[in-house]
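See below for the structure under consideration.
The values are calculated or read from the model by the stated rules, or taken from the named source; none is laboratory data. Values in this document were obtained by computation on a predicted structure and should not be read as measured data. Don't worry about glycine lacking a Cβ; one is built from the backbone with ideal geometry, like all the others, and counts go over all protein chains shown. Each accessible area value is taken on the protein alone, full model and side chains, heavy atoms only, with ligands, DNA and RNA left out. Shrake-Rupley method; radii C 1.70, N 1.55, O 1.52, S 1.80 Å.
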Amino acid sequence: MHLASPVLLAGVLAAPATAGTVSVTIPRLTVAEYHRPYVAIWIEPAGGGAARTLAVWYDIKKGGNEPGTKWLADLRAWWRKGGRSLQMPANGISGATRAPGTHSIPLPADLKPGAYTLNVEAARETGGRELVQVPLTIPTKAARATGSHELGAFVLSPR
């Protein structure tokens, strides 16, 4: 019997399992007063069901007496789908707003095979709001979508 190298096993065990990745692009906007957008990313079964939040980016260090969580309700679709019941900060999914550029998020490995909808919503102070929905199939198949103003390209990549 041949045993695998402990180094190889450690590499396999250390690598987090995912169902793929979603890359989200926040475009650089040329406006007089730019604020980084609050962004929520979640999935839900295509036939309806409970939403699962993958990421929430908000102003975690809002100044004064105003907590950044106060404005999470501006992510209206996410807020109604379950954001209001999520306690912030949420371990592993919440974090600070992101600068313009492309940011990758792993899809959870425990998603059951089937059809889902990936939702990405952005809201920006003195800016607009945008919700982009992309069909998602597990096992993951490559897909692309593009926002029109607050959000840029989205790329779903298989694992």
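Remarks
- Lone unmet requirement of (1) within 25 Å of Ala32 (Cβ to Cβ); (2) modelled with pLDDT of 85 or more for Gly64: (2)
- Residue, farthest from Pro135 (Cα to Cα), within the stretch 42-81, restricted to residues that are touching an Asp or Glu at 6+ places or on another chain (Cβ under 9 Å), open to solvent by less than 30 Å² (accessible area, probe 1.4 Å) and among the small types (Gly, Ala, Ser): Gly68
- The stretch 49-76 residues that are more than 30 Å from Asp110 (Cα to Cα), paired with ones that are open to solvent by 80 Å² or more (accessible area, probe 1.4 Å) and at pLDDT below 95 (beta carbon under 9 Å, 6 or more apart): Lys62/Lys70; Lys62/Trp71; Pro67/Ile60; Gly68/Ile60; Gly68/Lys61; Trp71/Glu125
- All of (1) outside any helix (DSSP H, G or I); (2) at negative phi hold for Trp71 with one exception: (1).
- So Ala153, is it under 16 Å from Tyr38 (Cα atoms) and not basic (Lys, Arg): no
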